[in-house]
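Trainee: Below: one structure in structure tokens.
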Amino acid sequence: QVQLVESGGGLVQAGESLRLSCAASGISFSFNHMYWYRQAPGKQREWVATITSNGGTNSLSSVKGRFTISRDNGKNTVYLQMNSLKPEDTAVYHCNVNVGLRVFWGQGTQVTVSS
């Protein structure tokens with residue numbers, strides 16, 4: 001079965017960095033686009049970044065220049081490098097993959113940025 005396991009969250013101060021990881025299993029990882037989303041308290045889940053199977057990337061305008069998505073197909077892992085973190089980046093971060101018509105989510109990892 002498909003499993004996504006995020007890690008790397010934590011409590012940091014504004015301006016600091018974190019790197020999130022999402023280890024995938026049960027899929028042909030290298031053939032899939034991978035996504036990061038986040039959900040802040042009281043808000044809807046929002047898309048953060050995408051990396052295609054070919055390595056193309058795109059990200060939310062508010063994180064451009066600060067967040068970088070990457071992937072290691074040998075480790076079946078997608079990363080989100082987050083620099084210059086701001087309090088408004090506080091959220092639970094989830095990775096996501098779509099396989100056919102099915103959507104899979106990880107359990108999420110909490111990122112808290114204090115001012």
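Trainee: Determine the dipole magnitude for the chain: charges of +1 sit on the beta-carbon of Lys and Arg, -1 on that of Asp and Glu, nothing else is charged, the reference point is the Cα centre, and the result goes in debye to the nearest 20. Numbers along the way, then the final one.
Mentor: Numbers: 10 positive and 6 negative charges, 28 e Å.
Computed charge dipole of the chain: roughly 140 debye.
Trainee: What share of Cα pairs, in percent, lie more than 17 angstrom apart in the range 10-90?
Mentor: 48 percent
Trainee: Also, quick follow-up: Return the distance in nm (one decimal) between the two label points of a simple spin-label model at GLU16 and SER61, each offset 7 Å from Cα along Cα→Cβ.
Mentor: Spacing of the two 7 Å Cα→Cβ label points: 3.1 nm.
Trainee: What length, rounded to one decimal in nm, is gained on full extension from SER53 through to GLN39, with 0.36 nm per residue of separation minus their alpha-carbon distance?
Mentor: 2.6 nm
Trainee: May I ask what percent, to the nearest 5, of DSSP beta bridges between residues of the chain are antiparallel?
Mentor: 90 percent
Trainee: Moving on. With all protein chains present, how much of the accessible area of the chain (probe radius 1.4 Å) comes from carbon and sulfur, to the nearest whole percent?
Mentor: For the chain, the apolar C and S fraction of the accessible surface comes to 47 percent.
Trainee: Roughly how many Å² is the accessible area per residue of the range 26-115, as a whole number, for a 1.4 Å probe?
Mentor: Here the residues of the range 26-115 average 53 Å² of exposed surface.
The values are calculated or read from the model by the stated rules, or taken from the named source; none is laboratory data. Since this is a predicted model, take the numbers as computed values, not measurements. Using ideal geometry, Cβ is built from the backbone for each residue, glycine included, and neighbour counts are taken over all protein chains shown. Surface areas here come from the heavy atoms of the whole protein model, side chains and all, with no ligands, DNA or RNA. Shrake-Rupley method; radii C 1.70, N 1.55, O 1.52, S 1.80 Å.
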